[in-house]
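The values are calculated or read from the model by the stated rules, or taken from the named source; none is laboratory data. A quick note: this is a predicted structure, and the numbers were derived from the prediction, not measured. Don't worry about glycine lacking a Cβ; one is built from the backbone with ideal geometry, like all the others, and counts go over all protein chains shown. Please note that ligands, DNA and RNA were not included when accessible areas were found on the heavy atoms of the full protein model with its side chains. Shrake-Rupley method; radii C 1.70, N 1.55, O 1.52, S 1.80 Å.
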Amino acid sequence: MAADPIHQFEIKNLFSLGHVGGQEIAFTNSTLFMLIAFAIITALMIGATASRALVPGRMQAVAEMSYEFIATTLRSSAGTEGMKFFPLVFTLFMFIVTLNMIGIVPYTFTVTSHIIITVMLSMLVFLTVIVYGFWKNGLRFFKLFVPSGIPIYILPLVTLIEVMSFLSRPISHSVRLFANMLAGHITLKVFGSFVTMLGGLGLVGWIGAVLPLSLTVALTALELLVAFLQAYVFTILTCIYLNDSIHPGH
Amino acid sequence: MATSTPTSTGTVAPSGAKGHFPPFAKETFASQILWLVIVFVALYLLMSRVALPRVGSILAARKARIEGDLAAAEKLKADSDAAIAAYEKALSDARARAQALANEVQAKQAAAAEENRKALEAQLNVRIAEAEKSIAATRTAAMANVTSIAAEAATAIVERLIGTAPAGATVEAAVAEALKR
């Protein structure tokens, strides 16, 4: 069990809730950690700001920093008009970053290491962009695929490329987060297993285990960075895509 | 792809992991999607309705407070600057007035002194003139006395020498001649 780096991604039913259309609906470990993330975000954003202190305490300062961080990111890439998507972008960032951070803790489950979750989130963004883009701009939204100032003889090619890149957005958007989480956790698990395997060999093994142990420590720090960075990348790409739906003409 | 149910406690053998890759286990998708939708929507509503307006209002209140305080501080600074300027002006005014007063007093005193001096001079001049006049009178009188004394002495000398008194007019003429030399 310890040697299997995939085992940590196993979805376990904690209790079943029944079957809908041949699909089992269950309260799983994934559900549990989603709810934990929900509780943490709620405690931070609502619990810590309850006093509405003029001089913020630590937790309120974190809540305010998160707010201003996302607000600045969104405003700088999608402009003031983009601020109508602030709750969506903020919820996405906080949800992903919290789930990623929880995943670093040993014995926890990383919800974002499942592609169905990241695909759902990126489809949410993709569909929001399309629906809002057409609702706001009508057919002018197609300008997104036709860059201005391009010679007419290569315009069809460029348009084809633009359409392809637009359609592949949800794929790269979701796979980037999923693959980073998955790969990072597998690597950590592999190096962790080396430590236990070598440790089982006696004194020589103990000395030999120092290297993978120190690598595990370093990788944990790297994973902490990746956990934040991938949440941020997901968020900033969301901002850029939303900007396209607000201002389709390049 | 995956055949084992998610309720299984996990395939232990590495060979089993080949056919069983949890992120692609389709039978878990329905649960995950359902819970993701529930949790995400709940979180979205909570953030957009409660958390973000609250944090936004906290930040706006703080910004307003800071700007208000800064404006008040600026106003106070302007007030104190004005007070300093007024003080400086009053000081320089007072200084100028004192200077003017001192100049005036000095000028007045100088004029009075000049006047006194002139009056005194005039007075002295009068007295000098009077004294000169009296000196001249005294001198004239003395000169007249000298002539008569000399005439008497010459008469007496001549009388002793020759025994007879000369005529008064002759003696006076001779004395006047002698005095002229």
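Work out from phi, with θ = phi - 60° and the Karplus expression 6.51 cos²θ - 1.76 cosθ + 1.60, the ³J(HN,Hα) of each residue of segment A:19-26, listed in order in whole Hz, and give x for Gly and Pro.
10, 10, x, x, 9, 7, 9, 9
I want the local charge near residue A:133. Using Cβ-Cβ distances under 11 Å, sum +1 for each Lys or Arg and -1 for each Asp or Glu among the other residues.
Surrounding charge for residue A:133 is +2.
Quick one: which residues, 5 or more positions from residue A:26 or on another chain, have an amide H under 5 Å from its amide H? H modelled 1.01 Å from N in the peptide plane, none for Pro or chain starts.
Under 5 Å from the amide H of residue A:26: A:17, B:31.
Report the convex hull volume per residue for the protein assembly as shown, counting only C-alpha atoms, in Å³.
Normalising the Cα hull of the protein assembly as shown by residue number yields 479 Å³.
In segment A:102-128, which residues give up 50 Å² or more of accessible area once the other protein chains are added, compared with their chain alone (1.4 Å probe)?
The answer is A:116, A:120 - residues whose exposure falls by at least 50 Å² when every protein chain is included.
Past 31 Å, Cα to Cα: identify those pairs from A:143/B:63; A:84/A:143; A:189/B:26; A:84/B:77, in the order given.
Values: A:143/B:63 40 Å; A:84/A:143 22 Å; A:189/B:26 24 Å; A:84/B:77 41 Å.
Where the Cα-Cα span goes over 31 Å, the pairs concerned are A:143/B:63; A:84/B:77.
For chain B, take the longest principal axis of its alpha carbons; what is the angle in degrees between that and the long axis of helix B:168-180, to the nearest 10 within 0 to 90?
The angle comes out at about 40 degrees.
Pull up all non-local amide H partners of residue A:13: gap of 5 or more, or a different chain, and H-to-H distance under 5 Å with H placed in the peptide plane.
Correct list: B:7.
Beyond 34 Å, what percent of the Cα pairs of segment A:7-246 remain?
Value for segment A:7-246: 32 percent of Cα pairs lie more than 34 Å apart.
For the pairing of chain B with chain A, what total accessible surface becomes buried, with a 1.4 angstrom probe, in square angstrom to the nearest 100?
Separately minus together, B and A give about 4400 Å² buried.
Within 10 Å of each candidate Cβ there may be at most 10 other Cβ atoms; applying that plus a DSSP loop requirement, which chymotrypsin sites (Phe, Trp or Tyr not before Pro) in segment A:150-203 survive?
A:153
Which value, in Å³ per residue, describes the convex hull spanned by the Cα atoms of segment A:1-108? Intermediate values should be presented prior to the final figure.
Details: hull volume 18.9 nm³, N = 108.
Spread over its residues, the Cα hull of segment A:1-108 gives 175 Å³ apiece.
Quantify how strongly other chains surround peptide B:49-57 by giving the mean number of their Cβ atoms within 10 Å of each of its Cβ atoms.
So the per-residue partner count for this stretch is 6.
What whole-number value in Å² describes the accessible area per residue of chain B for a 1.4 Å probe? Provide the component values of the computation, followed by the final result.
On the way: 12970 Å² over 181 residues.
Accessible surface, normalised per residue, equals 72 Å².
Count the net charge of all other residues whose Cβ sits under 13 Å from the Cβ of residue B:166, scoring Lys and Arg as +1 and Asp and Glu as -1.
Summing Lys/Arg as +1 and Asp/Glu as -1 gives -2.
What accessible area per residue, rounded to a whole number of Å², is obtained for segment A:7-246 using a probe radius of 1.4 Å?
48 Å²
Using a 1.4 Å probe on the protein heavy atoms, what percent of the accessible area of segment A:174-242 belongs to carbon and sulfur?
Numbers: 2930 of 3420 Å².
Answer for segment A:174-242: carbon and sulfur cover 86 percent of the accessible area.
Across 5 Å bins from 0, what is the distribution of all Cα-Cα pair distances for segment B:54-180, in whole percents?
In whole percents, the pair-distance histogram is 2, 8, 6, 7, 5, 5, 4, 5, 4, 4, 4, 4, 4, 3, 3, 3, 3, 3, 3, 3, 3, 2, 2, 2, 2, 2, 2, 1, 1, 1, 0, 0.
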